[in-house]
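Heads up, the thing below is written out as structure tokens.
All of the numbers you see were taken from the coordinates with simple rules; none came from a lab. All values derive from a computational prediction rather than experimental measurement. All Cβ positions, glycine included, derive from the backbone under ideal geometry; neighbour counts span all protein chains shown.
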Amino acid sequence: MDFGKIVNNSFKIAWEHKSLWILGLFAGGSFSGFHWNMGDVDLKKYFDLESIGIGRHFLDSLPPLELLLIPLAAFFLFFLLFLLIMHLICLPAIIDGVNKISRGGRYSLGGSFKTGLQYFWRFAGLFLLSFFVTILSTVMLVLIAVVFFTMHIAVGFLSLLVLLPMLFFIIIAVTNIYSLTQRSIVVRNFSIGDALGEGFYLFKSRFLDNLLIFLIYIGLTIGLGLAAAIIWVIVGLPIGFIVMAMGVSLVPAIIIGMILGLPISFVVGGFLGTVFANLYTLFYFELVEPAGVQQPAVAPAG
């Protein structure tokens, strides 16, 4: 299998069809975590809000931050739910788009988004299934490790020599079978059960190829993630310095710089999300098309 061709075509398709970036922004599935250390938080201690035009009277009238915890938590939960829903719509949409672009068919952003809506519930069911399988497998390995450590600390450390490779294998298996099953659902319009059967067969029969594409995926994630961070710093720091030069203190300047840098983040995130989605889609095509002979894609229902 020519993995170089898969990687190159992933970038090529993403660059030549920039409307896919809209789908890729959500299909990448990157979810940011938020850590709140409440304690005795004083907004005025961390934010010189007066420097950006917010008066002292307004600051004194603000309720304690603890009272805002519930609405803030509700907002972030709804926001994460929105991201998850969009991910489960845009991922099948981008798979459908790449299927039509690379294997024959007429691609349009609206048509692919409609396809994504069609497969939403199947992708949601598959997501829940993979989530519980991952959690259950991890919990079982942790419990086994705890049992060995309770026997003797040396036995516990020896058990890690087996349990950690098992965990690594589970991560590879779940990631690849999950990704191949998603492609099978969209490309062949399979049910979850039939698609899982094909995904498991492709993983089992071509394990070495699956291992290599997983390592390539991880390597690209690290490399492109660092590149994206560098781009964001190059763009965001000048914005922050300009804002600070206008008399705004450090923390508000950082926040304003992040907000003003969002367009760059959206562009970079959309492009990278498209590349990563393309990677497994094109890998799936290589698995199901022996000797690289491409066949017209089965058009999804509707």
Order by protection proxy (mean Cβ within 10 Å, highest first), peptides 178-189, 193-204: 178-189, 193-204
Additional length obtainable on full extension of the chain from V162 to L109, 0.36 nm per residue less Cα span: 14.4 nm
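Return the subset of K18/K100; K114/K204; K100/K204 for which the Cα-Cα distance in this structure is over 24 Å, preserving the input order. If you can, show how the numbers build up before the last one.
Details: K18/K100 15 Å; K114/K204 33 Å; K100/K204 27 Å.
Over 24 Å apart, Cα to Cα: K114/K204; K100/K204.
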Approximate spin-label separation L208-I230, in nm, with each point projected 7 Å along Cα-to-Cβ: 3.4 nm
Chain lengthening between W15 and I85 when straightened (0.36 nm per residue, less Cα-Cα): 22.7 nm
Quotient of Cα Rg and 2.2 N^0.38 Å for region 72-125, N being how many residues it contains: 1.34
